[in-house]
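Student: Sharing a structure, written as structure tokens. Questions coming.
No lab work stands behind these numbers, since they all come straight from the coordinates. This is a predicted model, so every value here is computed, not measured. Every residue, glycine as well, gets a Cβ built from its backbone with ideal geometry; the counts of neighbours run over all protein chains shown.
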Amino acid sequence: MHELSLTKGILDTALRYAKKTDSRKIVTIALRLGILRDIKKEWVQHYFNYLSRGTIAEGAEIMIMLNPIVCGCRDCGKEFEVNGNYLDTEEILCPDCSAQNYTLISGMEFLIEGIEVI
């Protein structure tokens, strides 16, 4: 259900952009999301279709590009991608030094990457 409030924010931003650029129609909205956001494209599109009815964004397509989980080892400095099975294991280990001392670099993004208008 958190997709509803996020989608409202996406629509509001796109409508402000379209107004500022004197656009007649919003065609596509491209989002860059980190995998850890756990946002479902089908729900975002569903809510967007509902919320955008009667606006210049009606019928626009939501495109979602997913960013992987990337961590940086604090011990050796290695950056490494964590595969999708990370929830199935208790430990995330650096592939170079096996340390568990890391920081999250990527995986939580939520960005409007682009708005296509005409």
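Student: May I ask you to list the chymotrypsin sites (Phe, Trp or Tyr not before Pro) in the stretch 1-49 that are in a DSSP loop and have at most 11 other Cβ atoms within 10 Å of their Cβ?
Tutor: When the chymotrypsin sites (Phe, Trp or Tyr not before Pro) of the stretch 1-49 are filtered for loop state and at most 11 Cβ neighbours within 10 Å, nothing remains.
Student: At 222 nm, what value in deg cm²/dmol follows for the chain if DSSP H runs of at least 4 each add -39500 (n - 2.57) and the sum is divided by all its residues, to the nearest 500?
Tutor: Per the formula, -8500 deg cm²/dmol.
Student: Output the 0 to 90 degree angle, nearest 10, between the alpha-carbon long axis of helix 41-51 and the longest principal axis computed from the alpha carbons of the chain.
Tutor: The helix 41-51 is inclined about 30 degrees to the chain.
Student: Return one number: the angle in degrees, 0 to 90 and rounded to the nearest 10, between the long axis of the Cα atoms of helix 2-20 and the longest principal axis of the Cα atoms of the chain.
Tutor: That works out to roughly 50 degrees.
Student: Write down the percent of antiparallel bridges among all DSSP beta bridges whose residues are both part of the chain, to the nearest 5. Mind dumping the intermediate values first?
Tutor: Numbers: 15 of 22 bridges.
Within the chain, antiparallel bridges account for around 70 percent of the total.
Student: Is the shape of the chain rounded, prolate or oblate, going by the alpha carbon gyration tensor and its root eigenvalues a ≥ b ≥ c, with a/c under 1.5 for rounded and a/b larger than b/c for prolate? Don't jump to the answer; show the numbers that get you there.
Tutor: Numbers: a/c = 3.97, a/b = 2.54, b/c = 1.57.
Cα axes put the chain in the prolate bin.
Student: Another one. Contour minus end-to-end for Asp75 and Ser98, with contour as 0.36 nm per residue of separation and end-to-end as the Cα-Cα distance?
Tutor: Going from the current span to full extension adds 7.3 nm.
Student: Can you give the extra length, in nm with one decimal, that the chain gains between Lys20 and Thr55 once fully stretched, where that is 0.36 nm per residue apart less the Cα-Cα distance?
Tutor: Using 0.36 nm per residue and subtracting the Cα-Cα distance, I get 11.1 nm.
Student: Scan the stretch 1-57 for trypsin sites (Lys or Arg not before Pro) in coil per DSSP, keeping those whose Cβ has at most 15 other Cβ atoms within 10 Å, and list them by number.
Tutor: Arg24, Lys25, Lys40, Arg53
Student: Also, I was wondering about something else. Determine, for the chain, the count of lysine pairs separated by eight or more sequence positions (or lying on different chains) whose alpha-carbon distance falls under 21 Å. Walk me through the intermediate numbers first.
Tutor: Numbers: Lys8/Lys19; Lys8/Lys20; Lys8/Lys25; Lys8/Lys40; Lys8/Lys41.
Qualifying lysine pairs in the chain: 5.
Student: Another one. Given a Förster radius of 30 Å and the C-beta distance between Ser5 and Glu91 as r, what FRET efficiency does 1/(1 + (r/R0)^6) yield to the nearest 0.05?
Tutor: 0.35
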